[in-house]
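The values are calculated or read from the model by the stated rules, or taken from the named source; none is laboratory data. Keep in mind it's a predicted model, so treat the numbers as computed, not measured. Methodologically, a virtual Cβ is constructed for each residue, glycine included, from the backbone with ideal geometry; neighbour enumeration extends over all protein chains shown.
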Amino acid sequence: MRDDSHKWDRLTKDDVIELPNGARLSHVKNLTLTMISGPNVLKQIDAPQVGWPDVIDTDRYAVVMRRDRVLLVGDTDLTEGWDDTKSLAISDMTHGYDVFDLSGPHALSMLQQGTEIHLDEPSRSAVRLAFGLGLHIYRYGAEDTFRVHVLTHQREALIGYLKAVLNSQL
C-alpha cells in the first residue's frame, strides 16, 4: 500500500505544535465525551454549561451545541442509549471528536481568519462553522486559550488551516 502521509500535516510526537507567532496548539487527550440530545436537555444536565465566548475552568462541563443538544465533557454515570424517563438520547462520542487548545496572544485572530467570531457577540451555542468545518469553540482556563472540538476525521484539515493562516500572517 502506498504511503500518502506526507500529504497532510501531522501532530508532532508530543502532540503540541509551537507556532512562530507565539500561539500554541495542544492536543487534549483522555477526555470522555458524551453527546446528549433531548427536548429539555439544558435543564436536565447537572454540569456547568459553556457557549461562546464563555470561559470554563472545570473538568466536567457541558458544551452547548443547540437548545436540544450538548456535548458533556468529563466522566458521567449516564448509560449509552435511550433514557425513557428523561427522554434523552445518550451517545459516547469520545472517539468522535479530537480536542485542541489554541492559546497565545494571536489565537483569536487566527480563528477569526476562518469565521466571523467576536468576543463581544455572545451565543448560547459554542458551535461555529470555521474554515469550512463544524467546530465547537469556547475559552478554557484562560481568556486567551480557545478549546476547539473537531470531528476526528477532520483534525488534520484543521491543523492545515491553522498553519496556512499563520503563513499568511508572517
In the list Leu88, Leu102, Leu72, Leu119, which residue meets the criterion of being modelled with pLDDT of 95 or more and within 14 Å of Val28 (Cβ to Cβ)?
-> Leu102
Restricting the stretch 75-134 to residues that are among the charged types (D, E, K, R) and part of a strand (DSSP E or B), the one surrounded by the fewest Cβ atoms within 10 Å (Cβ to Cβ) turns out to be Asp92
Test result for Pro122, out of contact with any helix residue (DSSP H, G or I) (no Cβ under 8 Å at 6 or more places or on another chain) and more than 19 Å from Gly22 (Cβ to Cβ) = yes
